[in-house]
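For reference, the structure discussed in these notes is given below.
The values are calculated or read from the model by the stated rules, or taken from the named source; none is laboratory data. In this text, all values refer to a predicted model and were calculated from it rather than measured experimentally. All Cβ positions, glycine included, derive from the backbone under ideal geometry; neighbour counts span all protein chains shown.
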Amino acid sequence: MSAIPLKVNGRVHTVNLDPATPLLYVLGDELQLRGPKFGCGLGQCGSCTVLLDGRAIRSCITPLSAVGTSEIVTLEGLGTPEKPHPIQQAFIDEQAAQCGFCLSGVILTAKAFLDRNPKAGSEEIQQALAHVLCRCFTHVRMVRAIERYAQTVRV
Amino acid sequence: MSPSLSRRNFLKTSGALIVSFSAATLLDPLALAQGPFGTHMSHIDPGQLDSWIAVGADGLVTAYTGKCDFGQGMATVQTQLIAEELRVPLDRVRLIQCDTSVTPDEGTTSGSQSTPVNFNTSGLAQAAATAREALLGLASRRLRVPVSRLTIAAGVINAPAGKRISYAQLIGGKHFNLKLNPAARRRPPSEWTVLGQPVPSMDISSLATGRFEFVHNVRVPGMLHGRVVRPPAIGSTVISVDEASVRDLPGVVKVVVLKNFVGVVAEKQWQAEQAARQLKVNWTPPVALPPQQTFYDYMRKQPSRDMLVVDSQDVEQKLAGASTVLRATYAYPYQMHGSIGASCALADVQGDKATVWSPTQSVYPTRSGVATLLGLSPENVRVIFTRGAACYGLNGADTVSYDAALLSQAVHRPVRVQLTRKDEMAWGENYGQACVIDQRAALDAKGNVIAWECESWAASFGGRPGYDHPGNVITGLLAGFEPQTVVPQRASQPTGELRNGHNLVPSYLTGCISGKCGGAGSVASERVLAHTVISPFFTGPLRSPLRLQNTFAHECFMDEISARVKADPVAYRLQHLRDERMIGVVKAAARAAGWEPRPSPNPHSSSSGIATGRGMACVAYEGDNGYVALVAEAEVDRATGGVRVKRFVAAADCGPVSNPAGLRNQIEGGALQGMSRALGEEVTWNEHQITSTSWATYHSLPLGIEVPAVETVLLNRPDAEATGAGELSITAVAAALGNAIFDATGARLREAPFTPARVKAALAARNSV
């Protein structure tokens, strides 16, 4: 156990935990955040995705000790229902969800990729999503929503 | 205020609201009544209007439903239903879903039954229509104006000369004290303003911004974390558990052992996870499993429970005298629900009372199951549906609810259980059934089908626990309850109505029993025999259970026949169909797809490199619960055996369309989920255990694929009954894709999934002919 500072969605928290604790459990159990979810615990599906200094990482296989001073942003840190982030708005406009459990992986992976590669074409976007799962297979709408957001970052 | 405190407050508030509206009847233990949905007695009488609808003093309409939303859009469309029937704005409706303390028992939300039950003239729709007529009657008396001269807008009833009275003034905060009126008239679709509209999903904003509360997010004060320790292999039982093996770990509260159920409870989730990994359990050796390579043959040799669905008793004779007889065997593997989230539940067992936050599709049956497991009375168990990752049938939702209940009872504190991915895939869920299906058809000299015989074997074990069989899922079995299994039985001649709920009968048969014909087709010489054998693994109703497997076999075989007689597969289907709604969807899909009438295989397809083809499949889901035809266009890479789907065109007829946007979402998702299942998904095992235990070994198509276009044609039929819709497109995908691969290459895939290896083998077999 040790007191560890953690910067999440613009606020600094101090948690007193085993540094080996997966970041996902810290976010869900200690900070009561709902965005990142336990999908597989193996880094295979993407449901637990958060942004770490703007990069999409899988919080279920990231120990607390690996976070350091990096800034974490979860799905709820991007925007609010009243004022969603443009990529969240694109998902709302395209009705791009069924159960919605996978959305942290889908939205944050796409956002992190497009923010770094604003000129990426659809094949590159596809590659970026090669390890993100949606088991409701809402793919058609999700790809449309991501493409809609891509157009805004390309400008 | 912390979220956990607010949850308690929410429940308290929500409870208080209910008490003020309707609890006097809802919670009256003397009001036990039999539900109309094959359910058990419940304290909430489904015959009473107050069990379904309450109007608050503020005019807010609260509706209580036993059909809940897993992501299929059932919350949005039921809200539309209430808004439509009661003529109130959508934002003046509050829907309470599946909570055994306050909602009527509507059994399980499954089987494409939510729309038939709640959107025709029973259940929620009947309640809403009863409420509207009752309110009009009350207003008529209060305003002294005949009902015929009253109109309703936004929860206010208006009479000529400016007289008006609101719902809140009429009944706000009071009971209706009325029975559901079977004669209450639904508002006709021609007058709908809210139903029938593409109302956007009501939860999308909270989902996209991470605010939505899944069961995984529920936290209550004093909550502990549990993990289960499942047997390492099938058939292993507990010899001993070394509790000392986790004594050195911090935070461990208890090791729980109940017969073969083993779990650990700890203060923190990470501690529970480590303890579950470290706990030493001595298990008995496993049983030997039948080899996967020969499993379909193995199934044929098992004792079976047999059912003759139709038998015109002249099939052998017709086959013997036919100019051409075709035969083929199709095989479909065990597949997983494979929910994106490993299942999770939270239970709080205190003394003789229990509360379970559960992602189950079946709150009342789960209440009974939990009560049985814990030795409590069902009345003292409250199961609150809280959405998990979408389930598509019987994933780990029920079993993890049992896990949480057992662990909470052992420690007298609330326990949240999160299954691991392996728990879910190796044990937690009840797989979709493996099937092997033999087809035989006799053709006359003109190439018409004159006789069709279908004989199938499906493996079954356990299933939905229902009210009485907690052993039908793994936790119940481990805790000592027997699963339902297959009792061998010979088939008798069919009597009564045609029972085609599993789509055992191909659409082209007349389906006649004692002169009464329930089939969709014209082939009168028919025999359909189904064998059910014992499965070595738990099985359950994975989206389109058996309907998908059987449709794969029927629709591919129909395609084989049409190819043999060099007929266009669409025209040939139409030639053998009688049902107007089937004919309607087939024609609509072909038209929308720009179907070129010609026989398969595709004469324009390349004989090397990438081959292109199209395939059609159609089905009357469960015989009469929705109609779909699907065209698939695909490319086959002859070198790699890879299949790339370019386009799906689906035409669906499910009666009056309640929400076209939600319906399209279901059809699109079903098409692509079906594609993933047809191309890559297969449960695998070795001598003793399941080997597909993660996404590395169970192959789901990721988001990063070239996503095919999915076009949907909705045939709206306002005058028909509302049917199910969520399982339509998926039922036809494997067949449509198999037919497209044949059209592209002339190679017939008769075993799913169509992996590159199987495609290459089929191409090689074709080339060697």
*What pairs can you find where one residue is in the range B:331-344 and on the phi < 0 side of the Ramachandran plot, the other is of a type in the set (Lys, Arg) and in a strand (DSSP E or B), and their Cβ atoms are less than 9 Å apart, with a gap of 6+ or different chains?*
B:Cys344/B:Arg416
*asked:* Restricting to the range B:51-60, name every residue that is in contact (Cβ under 8 Å) with a residue 40 or more places away in the chain and either surrounded by fewer than 24 Cβ atoms within 10 Å (Cβ to Cβ) or under 26 Å from the mean Cα position of the chain (by Cα) (or both).
replied: B:Ser51, B:Trp52, B:Gly56, B:Ala57, B:Asp58, B:Gly59
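Among B:Gly111, B:Gly71, which is the only one that is farther than 30 Å from B:Lys163 by Cα and buried (at least 24 other Cβ atoms within 10 Å of the Cβ)?
Numbers: B:Gly111 fails: buried (at least 24 other Cβ atoms within 10 Å of the Cβ).
Result of the check over B:Gly111, B:Gly71: B:Gly71.
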*So which residues in the range A:142-155 are more than 20 Å from B:Glu681 (Cβ to Cβ) and at the interface with chain B (Cβ under 7 Å from one of its Cβ atoms)?*
A:Val143
_It is to be established whether one or more residues within the range B:510-517 are assigned to a loop (DSSP other than H, G, I, E, B) and touching a Lys or Arg at 6+ places or on another chain (Cβ under 9 Å)._
yes
*So, in the range B:568-586, of the ones that are in contact (Cβ under 8 Å) with a residue 24 or more places away in the chain and of a type in the set (D, E, K, R), which residue ends up nearest to B:Ala651 (Cα to Cα)?*
B:Arg581
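Say we look at the range B:403-422 and pick out the residues that are of a type outside the set (A, V, I, L, M), within 18 Å of B:Val381 (Cβ to Cβ) and within 27 Å of the chain's Cα centre (by Cα); which of these is farthest from the other protein chains (Cβ to nearest Cβ)?
So the first thing to find is which residues in the range B:403-422 are of a type outside the set (A, V, I, L, M), and the list is B:403, B:408-409, B:412-414, B:416, B:418, B:420-422.
Retained after the next criterion (residues that are within 18 Å of B:Val381 (Cβ to Cβ)): B:403, B:408-409, B:412-414, B:416.
Keeping just the survivors that are within 27 Å of the chain's Cα centre (by Cα) gives B:403, B:416.
Numbers: B:Asp403: 15, B:Arg416: 9 Å.
Residue satisfying both the conditions and the ranking: B:Asp403.
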*Hey, could you check the range B:234-275 for residues that are within 14 Å of another protein chain (Cβ to nearest Cβ) and surrounded by fewer than 14 Cβ atoms within 10 Å (Cβ to Cβ) and say which is nearest to A:Leu23 (Cα to Cα)?*
B:Pro250
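Look at A:Arg135 and say whether it is over 16 Å from the mean Cα position of the chain (by Cα), farther than 19 Å from B:Ala661 by Cβ, charged (D, E, K, R) and facing chain B (nearest Cβ under 7 Å). Talk me through it step by step, then tell me what you get.
On the way: over 16 Å from the mean Cα position of the chain (by Cα): yes; farther than 19 Å from B:Ala661 by Cβ: yes; charged (D, E, K, R): yes; facing chain B (nearest Cβ under 7 Å): yes.
So A:Arg135 fits the description; yes.
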*Can you tell which of A:Thr21, A:Thr74 is of a type in the set (Ser, Thr, Tyr), over 22 Å from B:Glu267 (Cα atoms) and within 10 Å of chain B (Cβ to nearest Cβ)?*
A:Thr74
*Based on what the data block shows, is B:Val241 within 30 Å of B:Gly73 (Cβ to Cβ) and of a type in the set (A, V, I, L, M, F, W, C)?*
no
*For the range A:14-78, please list each of the strands (runs of 3 or more DSSP E) lying entirely inside it that holds at least 3 residues being of a type in the set (A, V, I, L, M, F, W, C).*
A:49-52
*Take the range B:310-354 and flag every residue that is out of contact with any strand residue (DSSP E or B) (no Cβ under 9 Å at 6 or more places or on another chain) and more than 14 Å from every other protein chain (Cβ to nearest Cβ).*
B:Gln350, B:Gly351, B:Asp352
*Starting from residues that are without any contact (Cβ under 8 Å) to a residue 40 or more places away in the chain and in a strand (DSSP E or B), keep the ones in the range B:198-257 and report whichever is nearest to B:Phe538 (Cα to Cα).*
B:Val257
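With the structure loaded, tell me whether B:Arg187 is of a type in the set (Lys, Arg), over 30 Å from B:Ser343 (Cβ atoms) and exposed (fewer than 14 other Cβ atoms within 10 Å of the Cβ) or whether it fails that test. Lay out the reasoning, then the answer.
Values: of a type in the set (Lys, Arg): yes; over 30 Å from B:Ser343 (Cβ atoms): yes; exposed (fewer than 14 other Cβ atoms within 10 Å of the Cβ): no.
Taking the combined requirement at face value, the residue does not satisfy it.
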*What is the number of the single condition among (1) facing chain B (nearest Cβ under 7 Å); (2) in contact (Cβ under 8 Å) with a residue 24 or more places away in the chain; (3) closer than 25 Å to B:Tyr698 by Cβ that A:Gln126 does not meet?*
(2)
*Which numbered condition trips up B:Glu526, out of (1) of a type in the set (Asp, Glu); (2) over 21 Å from B:Val636 (Cβ atoms); (3) surrounded by fewer than 20 Cβ atoms within 10 Å (Cβ to Cβ)?*
(3)
*Where residues in the range A:108-127 are small (Gly, Ala, Ser) and under 13 Å from the mean Cα position of the chain (by Cα), which of them is surrounded by the most Cβ atoms within 10 Å (Cβ to Cβ)?*
A:Ala110
*Taking A:Leu78 and the conditions (1) in contact with a Leu (Cβ under 9 Å, 6 or more places away or on another chain); (2) among the aliphatic types (A, V, I, L, M); (3) under 16 Å from A:Tyr25 (Cα atoms), which numbered condition does it fall short on, given that it satisfies the others?*
(3)
*How about the range B:176-209: which of its residues are under 15 Å from B:Ala389 (Cα atoms) and either modelled with pLDDT under 95 or of a type in the set (A, V, I, L, M) (or both)?*
B:Ile204, B:Leu207, B:Ala208
*Just name the residue that is modelled with the highest pLDDT out of those in the range B:210-235 that are out of contact with any Lys or Arg (no Cβ under 9 Å at 6 or more places or on another chain) and more than 23 Å from B:His412 (Cβ to Cβ).*
B:Pro231
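For the range A:29-52, enumerate the residues that are more than 7 Å from chain B (Cβ to nearest Cβ) and either over 12 Å from the mean Cα position of the chain (by Cα) or surrounded by 22 or more Cβ atoms within 10 Å (Cβ to Cβ) (or both).
Step one: filter the range A:29-52 for residues more than 7 Å from chain B (Cβ to nearest Cβ), giving A:30-31, A:33, A:36, A:43, A:46, A:48-52.
Residues satisfying the conditions are A:Glu30, A:Leu31, A:Leu33, A:Pro36, A:Gly43, A:Gly46, A:Cys48, A:Thr49, A:Val50, A:Leu51.
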*Given (1) more than 7 Å from chain B (Cβ to nearest Cβ); (2) over 30 Å from A:Pro19 (Cα atoms), number of the condition A:Leu108 does not satisfy*: (2)
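Residues that are facing another protein chain (nearest Cβ under 7 Å) and either out of contact with any His (no Cβ under 6 Å at 6 or more places or on another chain) or touching a residue at least 24 places away in the same chain (Cβ under 8 Å) (or both): does the range A:112-121 have at least one? Give the derivation first.
First, the residues of the range A:112-121 that are facing another protein chain (nearest Cβ under 7 Å): none.
No, the range A:112-121 contains no residue that is facing another protein chain (nearest Cβ under 7 Å) and either out of contact with any His (no Cβ under 6 Å at 6 or more places or on another chain) or touching a residue at least 24 places away in the same chain (Cβ under 8 Å) (or both).
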